[in-house]
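Below is one structure; the comments refer to it alone.
The values are calculated or read from the model by the stated rules, or taken from the named source; none is laboratory data. The shown structure was predicted, so the numbers you read here are calculated from the model rather than taken from an experiment. Positions of Cβ are generated from backbone atoms using ideal geometry, with glycine treated the same way; all protein chains shown enter the neighbour counts.
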Amino acid sequence: MLIYLAMIEAPEEKLKFEQLYMRYRGLMFHAAMQILNNQSDAEDAVHQAFVSIAENIKKISLVDSPKTRSYIVIITQNKAIDIYRANRRTAGAEFNEELGGIVPQMPGDSGLTEALARLPVRSRSVLLLRYHVGLGTAEIAGLLGMNRDAVRKLIWRAKESLRKLMEEEEL
Amino acid sequence: MAKYSFTDKELSYASAYVANAMLASLPAPGYCCHRFSSEFERKMALLCAKVKRRAAVISFFRAAAAVFLCILIGAVSWLAVDVDARAAVQKWVSEIFDDHVVYRFEGDADSKLPVYEITWLPEGFELMESHATPTHSSVYFSDSNGNLLSIRYGIMHDGIIIEFFDPTHENQAETFACENVSINGMDGKFYSKGSGSNTNNLIWFDNNLGIYFSINSSLNKSVIMHIAQCLELANSTN
């Protein structure tokens, strides 16, 4: 006569979140400041990013890995962009879609890589989340607060932007 | 392939390269020093507490799910030994073997899961999670005092195989006290928490609709029974 009891995994998720918070909050603040240049807004972006991370904690396997760091920075950048948009709307100014956020220094060895690095933050983020982090459309939609159709369109437009950049710059 | 086209694989490689370059343009996590404001620390403390509570809810309900499975087994073994109980819920059981039971629904089953509404909850309980499939629905609540509550219902469909739970097993007999109950005219069992558990468990069956229900909670019996009695059919299908 056997009884099987399920292994409890949830306490690991709790620990993981705390580790992520202690390890990356400074990095996230730095990433948010690159876009917002305002400490209070940057802290808001970090907090909102952690809310997203908490809701999607299962997506993160290892706390200390390049993929996790990328994932966290991308989420933070997008939350910073949301705050930036809200602030610009309040100020009555147009949102600068070309906002590059963190601009990686590329060696210029690959046209596609360089074009990707030049994309605006939002477009670059969805491609990185899709093709580097490996998230599906629904997961990206949940993370960025968009619906799935909007994410699909954004991915398609981002790819078109890549082709256009590569053609214009002859990359 | 056209000059300015690329495959998904190429885009994957480029994404990895850009992601790493993006990280390289930032300081290492250990070198990002910022003294966060007290308002930020307060908001993060609340968020961490919420994550801890959610984790506790999940832990509790995973343990309760195992208990629930044991109780379903127990219900079936109860049915195996109690002729009257078997007669009452004979639609549910068709074959009992030495070491397991095939828990079947016999007759014309309504294959669509009805929707039930929780019309009463104790004050202070917040929804933490909910899950729904075509055959099963579950919701999880907790309050600020750490009390936890799960409410589940589902279709007892053909072919569920459950291992026996032996109520006379010495560990189990010490864990739960069990009594027959009735929820709005439906037969059920209430398993009270013993010394090794912080969970009370209620299970009951609607034989007409082919639905089982369970409530698992650290709340006391009278509260759990009241919640069960206030579970009402919203509409006929999901």
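Residues in the range B:161-191 that are farther than 23 Å from B:L233 by Cβ, modelled with pLDDT of 65 or more and within 18 Å of the chain's Cα centre (by Cα): B:Y191 only.
In this structure, is A:D64 within 12 Å of chain B (Cβ to nearest Cβ), surrounded by fewer than 16 Cβ atoms within 10 Å (Cβ to Cβ) and modelled with pLDDT under 85? Against the criterion (within 12 Å of chain B (Cβ to nearest Cβ), surrounded by fewer than 16 Cβ atoms within 10 Å (Cβ to Cβ) and modelled with pLDDT under 85), A:D64 does not qualify.
Inside the range A:132-171, residues that are within 12 Å of another protein chain (Cβ to nearest Cβ), over 21 Å from B:M22 (Cβ atoms) and either of a type in the set (A, V, I, L, M) or not in a helix (DSSP H, G or I) (or both) make up a count of 1.
For the range A:44-78, a residue qualifies if it is farther than 19 Å from A:G136 by Cβ and in contact with a Leu (Cβ under 9 Å, 6 or more places away or on another chain), and the qualifying residues are A:D44, A:A45, A:H47, A:F50, A:V51, A:A54, A:V63, A:P66, A:R69, A:V73, A:T76.
Inside the range B:23-45, residues that are within 7 Å of another protein chain (Cβ to nearest Cβ) and either over 30 Å from A:R163 (Cα atoms) or in contact with a Leu (Cβ under 8 Å, 6 or more places away or on another chain) (or both) make up a count of 11.
Listed by first and then second residue, the pairs linking a residue in the range A:143-158 that is free of Cβ contacts under 8 Å to residues at least 24 places away in the same chain to a residue that is exposed (fewer than 13 other Cβ atoms within 10 Å of the Cβ), with Cβ atoms under 6 Å apart and 6 or more places separating them unless they lie on different chains, are A:R148/A:A138.
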